[in-house]
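Peer 1: Sharing a structure below in structure tokens format, with a few things to ask.
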Amino acid sequence: MASADWSALKALFGEALELPPESRAAFVDERCPPGSPLRDELQGLLRHHDRTGSFLEEPLLDLGARLVARGRVGLPERIGPFRITREIGRGGMGIVYEGERDEGGFEQRVAIKVIRRGMDTDEVLGRFLLERQVLARLDHPHIARLLDGGVTSDGRPYFVMEYIDGVPLTEHLAHTSPGLDERLTLFRSICRAVNYAHQNLVLHRDLKPSNILITPDGEPKLLDFGVAKLLDSDEGSQDATRADARYLTPAFASPEQIRGAPLTTASDVYGLGLLLFTLLTGERAEGGARPSATAARRGAEAPVPATRLRGDLDLIVATALRPEPERRYESADRLADEVDRYRRGLPITAQADSLPYRLRKFVGRHRWGVAASTLAVVGLLAGLTVFAIQSVRIAGERDKAQQVTALLVDLLQGSDPAEALGDTLTARALLDRSEARIEAELSGQPEVQAALMEVVGGLYRSLGLPDQAEPPLRRSLAIRRDVLGPDHADVARSLNALGGVLDARGQFDEAQTLFEEALRVRRARFRGPHEAIAESLNDLGQLLLFARQDFEGAEPLLVDALDMRRRLFEPPHRDVAESVHNVALLHQLQGRYDDAAALYRESLAMRRTLYGATHPALVVTLNNLALVLQAQGRNDEAEPLLRESLALRQRLLGPSNPQVALAMANLALSLRDRGEYGEAEELLRRSLELASDGFGERHPRTASVMSNLGDVLRERASWDEAEGLYRRSLDIRREVLGPEHPHVAFSLNGLAEVARARGQLQRSDSLHRQALALRRRRLGPDHPDVAQSLVGLAGTARAAGDGGGARGLLEEALEILESRFGPDDPRTERTRALLDEGPMEAGEGPAN
Amino acid sequence: MAAPPTEVTQLLQEASGGNQQALDRLLPLVYDELRAIAHGQRRSEPAEFTLNTTALVHEAYLKLVDQTRVTWKNRAHFFAIASRSIRRIVIDHARERLAQKRGAGADHVSIEQLESEPLGDGHPQTLVGLDDALSALTKVDPRQGEIVTYRFFGGLTIEETAEVLDISPATVKREWAMAKAWLHRELTRTG
């Protein structure tokens, strides 16, 4: 081609590019009519221009160098304290390396993401420092942990993450072609992990298949939680949670993300919807396509046949992908529940009513926007209360008011201060104010008022303030009974909530009546298995079990609740974990320790999966499992669990919460059994203080701590103080739990031992016999506690010189222990040793 | 045998100023250095690792150039020069590979291979085909040839390319688009 022609061609090509693509044909016709020399050339170039796509856009530089040298050239030697061993991959945000460091003798393997140039280092780092604690708190089996961050020697920010040995989700699907059920199982695990992060006030913001790795044992791991936010350059003000278009992956962005609108949990729900689409069809969701349509198009290639997707699964995906955030599933958990319902053949809830747009917008601006701290939670509470009250007033409509309420209830429960490691004082001040405002300002809206009172009561309760919780809950119940009549489902809710608080305060008679009433209403209103019925069964069963030690009454209720929940939900599920725990507790109290330990382990595993390592729900299960292990004589296994439980409680609830008292008491028991009386006594004294303050002086739990302290003081020969404590505990237990409660026997036992030490042998004998009779009546003749009484009685008999009587009693005890625990159990062996001779000893059971 | 930094820096400054002789002397120095780094590393580390070439060129730059005496413009020029070296290294390697498996397949280029990632060892003919087409383009339009070399082989941005060539970024964009369309057409031609 002549150089003049080439120049002309260049000019024409340049001009054509300035035009919108659809006008270019006309441009060619005008400037190069058919027959012109350059026409074909220009048309050809334009046609190829349209097809170039990413052709040559990715520089060969890297590829080329890969050809010439397969060395470590270009790999940084170290980043921060880590040796770099290889490049894992690269993407829009930067390069990911594998690194390792030798820390305290063991190799730590990590993935290090070095952010590409062009992102503002100072800002990214500043945000990282702000967010680090929040992100480090994400401790969940399906979330890759963020460990650290910093700046490389050439000035680029980097993040250090847990190294995951796994393959990207899409690759996993392509290689293993799992069936529908396996795909849904993966998906629900992902949803639960996302929900866990949401509860910890972290949005993912960039959910997509490449951010999910599947480990060799088939478990998903989510990468880059919260990292998107760290890189967001528009994060100027603290309350903007916006997307940055620069690194967004458009195919996986929600409509509000593309608009640059504030992001909420609903944006992650959208991301989950896209993910579900990909899991079901093997393709990306495009332009509102239904999964079944995509599967139909792919025919035999489709991983799941269209016929199975049509209907429910199409609807679930469509609901998660609704353009309006407020019309999607309310939370990742709800989406997971929905998938579970589908899997068990239960009707799905999609198309259910959703909340008004305006409200969701408010929430979007405030829920996650502020720095994820306790202050945010408190600010949110305040903002929402005011907002809800205003909205209800403005709306003046019953329906809307109910919706406001539903929203508020949902949100406040989501930001339970106990879970957010709350600042008790501030949250409490806020609650004190809101209660008065609800009373004063919503008198014309009784149903709203009742719902808000219920929320406030629930929050007091989770702050460990059951006394404060009672009045608003009573108010809520009274209003609802008045407005709705006695048999309304909301009345049952209030009954159950109030029952829970009274149960926690030790007012068991009224609590039981309330639970029974709630169960009756719910059974009449709902047919078949229902989560509300399961809740009432569980709560009532729990009360009978713990407060009444009525195993026969509790067992069918707790077992029914567990069955129902297993039918309703796919484990791991919070309700199933609760019921498994309670049935374990039943077995624990029945002395069926092997069954109890197995169930506690199941519940603990579920709870660790659901909640991560730092969550209130873990504490009690840990604690009880430890007690069962103690009862089985496995003190070495129990002690670390008890220490974990105590540390967790102190961290979650603050050092002076009464729950901390129980953990201390139980650890103290373990120490006592190992003969470390000094530390045990110290712990129990602190525990007693906390319990008296928190539960009250006359609470059964306070009584348990008292008699435990008495046991330790007896070991240290402080007879007077021990006796005083036993007397007080006996008095409380008889009054609060009733004279026939098995705990009464602990106090009697302690008094009997003190009496023997003082040489009051008749009195000791009589007290032991009372305890023994009570235990036989209430626990059955073969319960280990019966053996304990027999051993105590034998000690007194021996002290009185009745060696033969003592022998008979010990043989009887030995028989029980051997059949319960086997001949080689330490307790059996100890008792056998007593048969020969040696000091007599009787201990106290656990606080629980 | 590496050239002393002062010499390279001097040459670089002169080349940036438009001195063709300086450029001609600089090119082999950079080329040798890149090869030496790459191969030295390969010897010391036999395991298969991927390579970040931006870092490779950066390393060569740090070794060859006295940092206190150069400007950002000089740096852009250095990267431009390195692009040409990279092109030679890559293409030489690809031709070598092709010779080794002579007769193993028709010497035609698949455009899909250029559009997706596997432009590696497995497709030397694709690279050789691209290099041939690029040489042909350079005959018609030397500046477009340079732009492609810098952008595709060297990874320079539009702005850096504009700086090296001393033209406006808008011009680079236009020329780049046309060069890509031209090469695309060449490479999709059958036969």
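The values are calculated or read from the model by the stated rules, or taken from the named source; none is laboratory data. What you see is a predicted model; the values in this text were computed from it and never measured. We place every Cβ from the backbone using ideal geometry, glycine too, and count neighbours over all the protein chains shown.
Peer 1: Only one of A:LEU230, A:LEU169, A:LEU213 is modelled with pLDDT under 80 and not polar (S, T, N, Q). Can you tell me which?
Peer 2: A:LEU230
Peer 1: While we're on this one: Testing A:ALA745 on (1) within 22 Å of A:LEU683 (Cα to Cα); (2) small (Gly, Ala, Ser); (3) modelled with pLDDT of 90 or more, one condition comes back false. Which one is that?
Peer 2: With (1) within 22 Å of A:LEU683 (Cα to Cα); (2) small (Gly, Ala, Ser); (3) modelled with pLDDT of 90 or more applied to A:ALA745, the lone miss is (1).
Peer 1: Could you please find all residues in segment A:277-300 being in contact (Cβ under 8 Å) with a residue 12 or more places away in the chain, more than 19 Å from A:ARG188 (Cβ to Cβ) and outside any loop (DSSP other than H, G, I, E, B)?
Peer 2: A:SER292, A:ALA293, A:THR294, A:ALA295, A:ARG298, listed by residue number.
Peer 1: Name the helices (runs of 4 or more DSSP H) wholly inside segment A:670-743 in which the number of residues that are without any contact (Cβ under 8 Å) to a residue 24 or more places away in the chain is 2 or more.
Peer 2: A:677-694, A:719-732
Peer 1: I need a count of the residues in segment B:168-179 that are in contact (Cβ under 8 Å) with a residue 12 or more places away in the chain and either surrounded by fewer than 16 Cβ atoms within 10 Å (Cβ to Cβ) or facing chain A (nearest Cβ under 10 Å) (or both).
Peer 2: Summing the residues that are in contact (Cβ under 8 Å) with a residue 12 or more places away in the chain and either surrounded by fewer than 16 Cβ atoms within 10 Å (Cβ to Cβ) or facing chain A (nearest Cβ under 10 Å) (or both) in segment B:168-179 gives 5.
Peer 1: Step by step: first the residues of segment A:16-43, then only those that are within 60 Å of the chain's Cα centre (by Cα) and surrounded by 16 or more Cβ atoms within 10 Å (Cβ to Cβ), then the one that is nearest to the other protein chains (Cβ to nearest Cβ). Which residue is that?
Peer 2: Here the answer is A:LEU17.
Peer 1: Considering only residues that are in contact (Cβ under 8 Å) with a residue 12 or more places away in the chain and part of a helix (DSSP H, G or I), which ones fall in segment A:135-170?
Peer 2: Residues satisfying the conditions are A:LEU135, A:ARG137, A:LEU169, A:THR170.
Matching residues to (1) touching a Pro at 6+ places or on another chain (Cβ under 6 Å); (2) surrounded by fewer than 17 Cβ atoms within 10 Å (Cβ to Cβ):
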{"residue": "A:ARG685", "(1), (2)": "no, yes"}
{"residue": "A:LEU690", "(1), (2)": "yes, no"}
{"residue": "A:ASP693", "(1), (2)": "no, yes"}
{"residue": "A:ARG698", "(1), (2)": "no, yes"}
{"residue": "A:ASN708", "(1), (2)": "no, no"}
{"residue": "A:ARG716", "(1), (2)": "no, yes"}
{"residue": "A:ALA722", "(1), (2)": "no, no"}
{"residue": "A:ASP731", "(1), (2)": "no, yes"}
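Peer 1: Okay, next question. Just for helices (runs of 4 or more DSSP H) wholly inside segment A:468-578: which have at least 1 residues that are within 25 Å of the chain's Cα centre (by Cα)?
Peer 2: The helices (runs of 4 or more DSSP H) meeting that bar are A:489-505, A:531-546, A:551-568.
Peer 1: Another one. Out of all the residues in segment A:801-833, which are outside any helix (DSSP H, G or I) and either of a type in the set (Phe, Trp, Tyr) or crowded, with 16+ Cβ neighbours inside 10 Å (or both)?
Peer 2: Of everything in segment A:801-833, those that are outside any helix (DSSP H, G or I) and either of a type in the set (Phe, Trp, Tyr) or crowded, with 16+ Cβ neighbours inside 10 Å (or both) turn out to be A:ASP802, A:ASP825.
Matching residues to (1) assigned to a helix (DSSP H, G or I); (2) under 30 Å from A:ALA4 (Cβ atoms); (3) modelled with pLDDT of 65 or more; (4) more than 7 Å from chain B (Cβ to nearest Cβ):
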site: A:LEU45; (1), (2), (3), (4): yes, yes, yes, no
site: A:HIS49; (1), (2), (3), (4): yes, yes, yes, no
site: A:GLU57; (1), (2), (3), (4): no, no, yes, yes
site: A:ASP62; (1), (2), (3), (4): yes, no, no, no
site: A:ILE88; (1), (2), (3), (4): no, no, yes, yes
site: A:GLY92; (1), (2), (3), (4): no, no, no, yes
site: A:VAL96; (1), (2), (3), (4): no, no, yes, yes
site: A:GLU100; (1), (2), (3), (4): no, no, yes, yes
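Peer 1: Is it true that A:LEU544 is of a type outside the set (Lys, Arg), at pLDDT 90 or above and farther than 18 Å from A:ARG701 by Cβ?
Peer 2: No, not satisfied.
Peer 1: Collect the residues in segment A:627-661 that are buried (at least 20 other Cβ atoms within 10 Å of the Cβ), under 19 Å from the mean Cα position of the chain (by Cα) and of a type in the set (S, T, N, Q), keeping them in residue-number order.
Peer 2: The answer is A:SER645, A:GLN659.
Peer 1: Quick check: is even one residue across segment A:823-830 under 21 Å from A:ALA755 (Cβ atoms) and of a type outside the set (D, E, K, R)?
Peer 2: No - not one qualifying residue is present in segment A:823-830.
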